[in-house]
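Reviewing the structure listed below.
Coordinate-derived values only; no laboratory data. The structure presented is a predicted model; accordingly, all values stated were derived computationally and were not measured. Here Cβ is always computed from backbone atoms with ideal geometry, including for glycine, and neighbour counts include all displayed protein chains.
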Amino acid sequence: MSDYPNGFGSENEALDTAFRIIDEAKPPKARERGRLVVCAASELAPGQRRVVADPETGASIGVFNINGEFFALKNVCPHYGAPLCLGSVHATHRPSPVFTYRPDLQDRVLRCPWHGWEFDIVTGKGLYDDKSRVATYACEVNSDGDLVVLL
């Protein structure tokens, strides 16, 4: 019997599987229910974020600029409903031998401010197991230069 979740035989095997899932994850296709204009795209510089509310549904959405690309996540942690998009943004490390560090996912990891659950901003995939994720929304810059979230 394994000491690790999901039947993995070792910690490295579990971590390798988690990173494989992140590497292969793709954001879902945009829902075409509506479009939410966030701001002028030029107002959200790389490394910045903005949290907005959908006026129709009241849903809170965090929009992030990662190296000039825009990504949007539902602002609710699936664990206990914390305002996820107010958490810290950082990198993580790939599995590696002891005393060897392989940094990865620079400026893509969002850590929940309440309990530290971590999510890849680009895909919404949780870093702690193979099934968890937070809802993502596609973003685009329209012809007026506005940043738009597709709901």
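Below is a table of values for the structure above.
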item: Those trypsin sites (Lys or Arg not before Pro) in region 68-151 that DSSP places in a loop and that have at most 13 other beta carbons within 10 Å; result: K131
item: Residues S143 and W114, FRET efficiency given R0 of 41 Å [Cβ-Cβ distance, rounded to 0.05]; result: 0.55
item: Cβ-Cβ FRET estimate between A40 and L86, R0 fixed at 22 Å, reported to 0.05; result: 0.45
item: Calculated FRET efficiency for the pair H93/E69, C-beta based, R₀ 30 Å, to 0.05; result: 0.85
item: Amide proton proximity set for Y128, modelled H, under 5 Å, gap of 5+; result: E118
item: Gyration tensor (Cα) of region 21-151, equivalent ellipsoid semi-axes in angstrom; result: 26, 16, 13
